[in-house]
């Protein structure tokens, strides 16, 4: 749970930084590209959590033990995602959805605000975020554990 909270806090801090950089307003056209940079701190947090797990096991961890730990961590991160998305959507950056809806219509991705709002809303982002966090957490763990696991001699 500790690392799930750390991950969630880091995610909300990232949203604050995006907002301060104007990616939820003036520079919203760049948001879909730059938001993907969040993968870097996300991977770092997952690796640190797995390394701590290895240390807690006396410095020895099998691939399977690490994978199970990463799946559990990913599950808890996914559980926290609706809350962190709510905080982001309604507290940190309540202007994001109206701005992205307006801009996506201007660019022709959607014909109307109503069509865009079907995609750009809290419920959809919370659902996609939870599923994405779980899947990406498992993929990150599967790759990271190749390097973190204790190699047999």
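The values are calculated or read from the model by the stated rules, or taken from the named source; none is laboratory data. Small disclaimer: the values here were computed from a predicted structure and weren't measured. We place every Cβ from the backbone using ideal geometry, glycine too, and count neighbours over all the protein chains shown.
Couple of notes before you dig in:
- Pairing each residue of segment 59-76 that is on the phi > 0 side of the Ramachandran plot and surrounded by fewer than 17 Cβ atoms within 10 Å (Cβ to Cβ) with any residue that is modelled with pLDDT under 95 and not in a helix (DSSP H, G or I), provided the two are 6+ apart or on different chains, yields C-beta distances under 9 Å for 59/150.
- Enumeration of residues in segment 20-33 that are closer than 21 Å to residue 8 by Cβ and either in contact with a strand residue (DSSP E or B) (Cβ under 9 Å, 6 or more places away or on another chain) or surrounded by 14 or more Cβ atoms within 10 Å (Cβ to Cβ) (or both): 21, 23, 24, 31
- Filter result for residue 111 (on the phi < 0 side of the Ramachandran plot and in a loop (DSSP other than H, G, I, E, B)): yes
- Residue count for segment 113-134, restricted to those that are within 30 Å of residue 51 (Cβ to Cβ) and in contact with a helix residue (DSSP H, G or I) (Cβ under 6 Å, 6 or more places away or on another chain): 5
- For segment 7-25, the tally of residues that are assigned to a helix (DSSP H, G or I) and touching a residue at least 40 places away in the same chain (Cβ under 8 Å) stands at 8.
Residues are listed down the side, and each one gets a yes or a no for (1) in contact (Cβ under 8 Å) with a residue 24 or more places away in the chain; (2) surrounded by 14 or more Cβ atoms within 10 Å (Cβ to Cβ); (3) more than 30 Å from residue 55 (Cβ to Cβ):
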site	(1), (2), (3)
79	yes, yes, no
83	yes, no, no
100	yes, yes, yes
111	no, no, yes
136	yes, yes, no
140	yes, yes, no
150	yes, yes, no
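- Within segment 26-103, helices (runs of 4 or more DSSP H) holding 3 or more residues that are touching a helix residue (DSSP H, G or I) at 6+ places or on another chain (Cβ under 8 Å) and more than 27 Å from residue 120 (Cβ to Cβ): 39-56, 63-87
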